[in-house]
Amino acid sequence: MDRDAELIAGVEAGDENAFAELFERYHRRLLSYFWRKTRDRDAAEELIQDTMMLVWAKAGQFNGTSRVSTWIFGIGYRKMLEWNRAKNRQQAVFESGDREDEAPLQESTSRPEHGVEHAVGRDALVAHVQSAIGDLSEEHRDVVTMTFQEGMSYPEIAEALGIQPGTVKSRMYYAKRQLKDGLTRRGLKGDELWQIAKGL
């Protein structure tokens, strides 16, 4: 049994220390995920709390047929949908300028505008890739980040998002095409820089 599975078993038994460790293990990953969705640090932290409180309440429903990370991100995804619906009801619209707020952790919000001759080193190249990923639609961005940042398989992504594996493959195909085009427009080699996305 891996550590996540051990912790979920502990949470099911009401072990607060197990929950605290699980929370710590997933806080940074969930923060990165929710930040990309909301660009709002307070909202991201609130969504983490909502997600992990549901993990605490529903731990007994984890049946071990998927990875713990898939199950937790599935909960997080549904919480994100609820948050979006609530924001839409309140007619709260994020303006483009709101997306330039200070990002938590090490995530860059810079959007380089010069060609590759001005991009010095890996950090600059990664910023170009992040910028191109940011231009994707939300459904395409989800499959890219879950694949390369969370290391989830297509079936796991399908389970987390509540869609068919074939839909995941289709979205990834179009996401790769859009990323390549976006990187090319920035004066970069799409095929080469696509590999960098795997390390983001």
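Since every read-out is calculated from the coordinates, none of them should be taken as a lab result. Since this is a predicted model, take the numbers as computed values, not measurements. Using ideal geometry, Cβ is built from the backbone for each residue, glycine included, and neighbour counts are taken over all protein chains shown.
The table for this structure:
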item	result
Dipole-positive endmost among 47, 8, 59 within region 6-75 (Cβ charges, Cα centre)	47
Mean Cβ neighbour count within 10 Å, used as a protection proxy, ranking 38-45, 81-88 highest first	38-45, 81-88
Under Karplus coefficients 6.51, -1.76 and 1.60, residue-wise ³J(HN,Hα) of region 124-139 in Hz, glycine/proline x	5, 5, 4, 4, 4, 5, 4, 4, 5, 5, x, 7, 6, 5, 4, 5
Whether region 1-77 is rounded, prolate or oblate, judged on the alpha carbon gyration tensor where a/c under 1.5 counts as rounded	prolate
Stretchable slack from residue 184 to residue 138, in nm (0.36 nm times residue separation minus alpha-carbon distance)	14.5 nm
